[in-house]
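A short write-up of the structure that comes next.
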Amino acid sequence: MPENMAAMSTSAHQIRDNLDAIHARIQTAATGAGRSADEIRLIAVSKYMPAEAVQQAMAAGQFCFGENFVQDAQTKQALLDDPRNEWHFIGHLQTNKARLIPGNFDWLHTLDSLKLAGKLSAATTASQQPLNVLLQVNIAGDPDKHGLPGNTVFQFTESLLEAGLQGIKLRGLMTIGRQQATTDQRRADFLALRELSEGCAQRFGRQYFTQLSMGMSDDFELAISAGATMVRVGSAIFGERRRATPGSPAPS
Ligand SMILES: *Cc1c(COP(=O)(O)O)cnc(C)c1O
């Protein structure tokens, strides 16, 4: 196992118990918001976690995983080849790694440049399913975060759709919540993303904006109340990581 995947070990029953607890909380949050839990996909974020931890989640019925680093993910994917698995790339992607995504991942949550879109599409072969993509939006205007500023999303979408890229399929929006924020600020950000998504759907067609990826271990219930269809939960399932921050540099 590469050193950077070493993590505090969370036992198999602990992962199963954590998953059960998260499902119950998703159910409660969905019901509270007048929604069905069936509309909400739980993405288990397994970055820095060893393949054994992912395998334990699979044994507990979890088949949807989020990874931030291409090489780490590939190591695990090779060990855990199972057609039920759905892999989501949720980290920032350098354009020179775009070719590694199609075929290895079903979804990419972090599209924020047309150049990257072109490379992803070109790397998808005719025999592969188009890659599902979400636009990463920096909804809070956080200078330290990647993502499109909210007020550029219409323009970006227009250009993206005009480009007619066959290898990718636009499915919605994603955001990473502010690290230091009050509950009210987080709620406001999530609601702003949902409103933006609604505006995009009206303007460009609902089929491109069915998904809203928002909410993590600390705030997924809030995100569900605001309309999330995908929640990305890591530490609440697998335990604490040595490096916890989204967007932090890749391990060397
Ligand atoms: C790490 C990460 C998560 C999961 O974070 P937790 O707080 O551990 O649930 C979700 N989304 C992204 C983009 C991440 O990088």
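The values are calculated or read from the model by the stated rules, or taken from the named source; none is laboratory data. Predicted model only: the values in this text are computed from it and were never measured. Note: ideal-geometry Cβ built from the backbone for every residue, glycine included; neighbour counts use all protein chains shown.
Yes or no, residue by residue, for (1) free of Cβ contacts under 8 Å to residues at least 24 places away in the same chain; (2) crowded, with 21+ Cβ neighbours inside 10 Å:
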position	(1), (2)
H13	yes, no
D17	yes, no
A24	yes, no
G32	no, no
I40	no, yes
S46	no, yes
V54	no, yes
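Has the range 230-247 got at least one residue that is in contact (Cβ under 8 Å) with a residue 24 or more places away in the chain, more than 12 Å from the ligand (Cβ to nearest atom) and either in contact with a helix residue (DSSP H, G or I) (Cβ under 8 Å, 6 or more places away or on another chain) or small (G, A, S) (or both)? No, there is no match, as no residue in the range 230-247 is in contact (Cβ under 8 Å) with a residue 24 or more places away in the chain, more than 12 Å from the ligand (Cβ to nearest atom) and either in contact with a helix residue (DSSP H, G or I) (Cβ under 8 Å, 6 or more places away or on another chain) or small (G, A, S) (or both). Can you name the condition, by its number, that D112 falls short on among (1) of a type in the set (D, E); (2) surrounded by fewer than 18 Cβ atoms within 10 Å (Cβ to Cβ); (3) modelled with pLDDT of 95 or more? Going through the list (1) of a type in the set (D, E); (2) surrounded by fewer than 18 Cβ atoms within 10 Å (Cβ to Cβ); (3) modelled with pLDDT of 95 or more, D112 breaks only (2).
May I ask you to list the residues in the range 89-106 that are more than 12 Å from the ligand (Cβ to nearest atom) and either of a type outside the set (S, T, N, Q) or within 23 Å of G234 (Cα to Cα) (or both)? Selection gives Q94, K97, A98, R99, L100, I101, P102, G103, N104, F105, D106.
Can you find a residue that is closer than 22 Å to T175 by Cβ and under 16 Å from the mean Cα position of the chain (by Cα) anywhere in the range 113-127?
Within the range 113-127, the subset closer than 22 Å to T175 by Cβ is 113-117, 120.
Still in the list and also under 16 Å from the mean Cα position of the chain (by Cα): none.
Among the residues of the range 113-127, not one is closer than 22 Å to T175 by Cβ and under 16 Å from the mean Cα position of the chain (by Cα), which makes the answer no.
For G177, the test of being within 13 Å of the ligand (Cβ to nearest atom), under 22 Å from A44 (Cα atoms) and not charged (D, E, K, R) is passed.
When the residues of the range 1-34 are filtered to those that are modelled with pLDDT under 95 and part of a loop (DSSP other than H, G, I, E, B), the one that is farthest from Q62 (Cα to Cα) is P2.
For the range 35-88, a residue qualifies if it is part of a loop (DSSP other than H, G, I, E, B), of a type in the set (G, A, S) and more than 16 Å from the ligand (Cβ to nearest atom), and the qualifying residues are S36, A60, G61. Mind checking whether some residue in the range 214-229 is in contact with a Lys or Arg (Cβ under 6 Å, 6 or more places away or on another chain) and within 10 Å of the ligand (Cβ to nearest atom)? Yes, some residue in the range 214-229 is in contact with a Lys or Arg (Cβ under 6 Å, 6 or more places away or on another chain) and within 10 Å of the ligand (Cβ to nearest atom).
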